[in-house]
Amino acid sequence: MWMKSRILRLLLAALSSAGIVFAEDQRSRLDYFRELECVSEREEGKCFFRFDAELYGHVDQPGAGLRLYEPDSGAEVPFRVVVEANTESLPDYRRVPEKLIGFERQQNCGYFIVENPGLAGVARLRVITPDRDFDKTIEVEASEDRKSWVTVAGPEPFFDYSSRVALRRDRISFPSCSKRYFRVRIGEYAEARELPYSRVTIDGEGTARKVERSRLERELKVDAIELETPETHRVSTPTLRNHPLSLMERRESARRTELHFASNREPVTEVAVTADLPNYARRVVLSGSDDNLRFEKVAEGVIHKLRVGRFREDSPALRFAPVRFRFYRLEIFNGDDRPLETVTVEARGIVHRAEFLSVAPRLELYYGGTVPAPVYDLSPVLDRLEEASGTEYLLLAGQPNPLREPDRSRFFRFLPGAAFVLALFGIGFALWHGFRRIRQV
């Protein structure tokens, strides 16, 4: 009996020693330290702080390499990392029933009459045409009886340049109108196009005296005209923040311009590119890299600016899934056009925030290391709290972690594993030796 109790004590001692080997304060494994200060009126519900450029610069994955503590008690504060989002009402359009009931041509204008049988409040219409490569005007009038017409929109540009660049404008917007009839006037309805062959006049001696390029009048083919009514819907959209990019270098080569930027590795989801020219269109490619040597394509598209009469249009930003690179390269393909002289590049992206529960006025954040993301049973609790409420904490200036231990040598990095193996070996030897003594007794 005495021998069995001795074996049990040896077993417990071995397991306890193994636990001591693996028990390590995570704060000592992280590189940096920042204090958090409560900056808002304390509200019932969750607390949070937003990631900033300095924090993004030292954290590979939001959530990993982070630990939060209360300074007085030293207790670890559970948290979760989420993408900050806003719930808002966004404008949109919905198609309403319509009926194309009339068409006539006057001079070189095509007039289409569309009925709005439901008397919906129409605020936009779209001309459905399979044609490409045209440049016309469009004007919209409204009436109750098809006798007295009131102009509600236009004339405005109506075009398609798809053979040269991905630009097409086939919609026109106007203040909401509930009239029964709409008349759509398309200017320059028919165009005289050159045919791919010529007509040659031959004189009596067989000499070509006159060469005429054959032309054919082509009318715009309209399949339908759709009426749309405005509506709103509530959606949750990520909060976007400007993420500054630092221009490192501009390179000019044959038919191409390269712009190189450095970043703080903040998560970028869109890049807006504009230039000082009034009218242009260029294909662009955005790539990212962590070493400024090997680049990975992030997005590509066409940037443009149009200034034609009263018409103003700028290309939207290049949008893509969140990326975090230290370096970015923007390639602008000029073709035979002259390079864009002044180019402005603005990057925006999502914002992460850490959510937690605490009543302490100040907290301590340790970050910047290889510590894996913690797993807390916190999300079900935070999900039940009111989304609008919360107490904000502000990240103060970062500094080196005073609790950081020096990196172990290669030998010491394997010490915990070796200690565990030795502990298991000791347990096995103790069991073997103990049972052997029992047999002898």
- Item | Enumerated strands (runs of 3 or more DSSP E) restricted to the range 223-286, each holding at least 3 residues that are surrounded by 13 or more Cβ atoms within 10 Å (Cβ to Cβ) | 224-238, 256-262, 268-275
- Subset of the range 162-176 (residues that are more than 12 Å from V127 (Cβ to Cβ) and either of a type in the set (A, V, I, L, M, F, W, C) or at pLDDT 85 or above (or both)): V165, A166, L167, S173, F174, P175, S176
- Task: All but one of (1) in a loop (DSSP other than H, G, I, E, B); (2) more than 35 Å from the chain's Cα centre (by Cα) hold for E191, so report the exception by its number.
- Result: (1)
- Query: Checking S176 against (1) of a type outside the set (A, V, I, L, M, F, W, C); (2) closer than 15 Å to V114 by Cβ; (3) surrounded by fewer than 17 Cβ atoms within 10 Å (Cβ to Cβ); (4) touching a Gly at 6+ places or on another chain (Cβ under 6 Å), which single condition isn't satisfied?
  - Reply: (2)
- Query: When you go through (1) assigned by TED's automatic domain parsing to the domain that holds G65; (2) at pLDDT 70 or above one by one for E386, which number turns out not to apply?
  - Reply: (2)
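Condition check ((1) modelled with pLDDT under 90; (2) in contact with a Gly (Cβ under 7 Å, 6 or more places away or on another chain)) across all residues:
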{"site": "E226", "(1), (2)": "no, no"}
{"site": "T237", "(1), (2)": "yes, no"}
{"site": "N242", "(1), (2)": "no, no"}
{"site": "L247", "(1), (2)": "no, no"}
{"site": "R251", "(1), (2)": "no, no"}
{"site": "D276", "(1), (2)": "yes, no"}
{"site": "L286", "(1), (2)": "no, no"}
{"site": "D291", "(1), (2)": "no, no"}
{"site": "V298", "(1), (2)": "no, yes"}
- Considering only the range 288-298, how many residues are surrounded by fewer than 19 Cβ atoms within 10 Å (Cβ to Cβ) and within 17 Å of the chain's Cα centre (by Cα)? 2
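Name the residue, out of E41, E35, E115, that is farther than 30 Å from R265 by Cβ and either buried (at least 16 other Cβ atoms within 10 Å of the Cβ) or without any contact (Cβ under 8 Å) to a residue 24 or more places away in the chain (or both). Lay out the reasoning, then the answer.
Numbers: E41 fails: either buried (at least 16 other Cβ atoms within 10 Å of the Cβ) or without any contact (Cβ under 8 Å) to a residue 24 or more places away in the chain (or both); E35 fails: farther than 30 Å from R265 by Cβ.
Answer to the selection: E115.
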- Item | Among residues of the range 60-83, those that are at pLDDT 90 or above, out of contact with any Asp or Glu (no Cβ under 9 Å at 6 or more places or on another chain) and crowded, with 16+ Cβ neighbours inside 10 Å, counted | 1
- Task: Output the number of residues of the range 389-412 satisfying the condition of being among the hydroxyl-bearing types (S, T, Y), at pLDDT 60 or above and surrounded by fewer than 11 Cβ atoms within 10 Å (Cβ to Cβ).
- Result: 1
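The values are calculated or read from the model by the stated rules, or taken from the named source; none is laboratory data. From a predicted model like this one, the values you see are computed outputs, not experimental measurements. Backbone-built Cβ (ideal geometry, glycine too); neighbour counts: all protein chains shown.
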